[in-house]
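Before any comments, here is the structure.
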Amino acid sequence: MKSFLIGLGVGVAAGLLLAPASGEETRHRIAEGAHDLREQGQRKVAKVIRMGRREAGDAGRDAAQKAYDRAVEKVVGPDISQQSRQG
């Protein structure tokens with residue numbers, strides 16, 4: 001009888017621990033998980049945007065430098081332009 005009562009106690013404890021959560025608790029967990037996923041997504045999108053801006057800025061600077069170099073060559077000539085870059 002003692003073994004039966006111990007087994008019953010362990011079974012009840014396991015049942016309480018492993019029982020599915022209430023509907024309210026389940027909805028809360030789902031909402032919490034969705035919120036976490038949303039925040040992760042926002043962080044990743046923000047990171048991609050920052051990287052894109054950085055790359056676009058680099059490309060813009062490069063294009064501006066090339067345009068400036070071409071303009072200088074047209075105004076002062078290619079020989080003088082190359083000398084000013086070297087010295």
Task: Accessible area in square angstrom per residue, the chain, 1.4 angstrom probe - done: 90 Å²
Open item on the list: Taking the 0 to 90 degree range and rounding to the nearest ten, how far is the long axis of helix 2-18 tilted relative to the main principal axis of the chain, both from C-alpha atoms?
Closed with: 30 degrees
- [ ] At 20 °C and 1.002 mPa s, grab the translational diffusion coefficient of the range 35-77 from Stokes-Einstein with a Kirkwood Rh over Cα pairs, rounded to a whole number in µm² per second.
- [x] 168 µm²/s
Open item on the list: Among R54, R70, R38, which one shows the highest mean-square fluctuation when the chain is modelled as a Gaussian network with alpha-carbon springs under 10 Å?
Closed with: R70
Task: Nearest 10 degrees, 0 to 90: helix 23-76 Cα axis against the chain principal axis - done: 10 degrees
Open item on the list: Principal axis extents for the chain, Cα atoms only, whole Å, descending order, please.
Closed with: 106, 26, 11
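The values are calculated or read from the model by the stated rules, or taken from the named source; none is laboratory data. What you are looking at is a predicted structure, and each value in this text was computed from that prediction instead of being measured. For the accessible areas, the whole protein counts, side chains as well, though only heavy atoms, and no ligand, DNA or RNA atoms are used. Shrake-Rupley method; radii C 1.70, N 1.55, O 1.52, S 1.80 Å.
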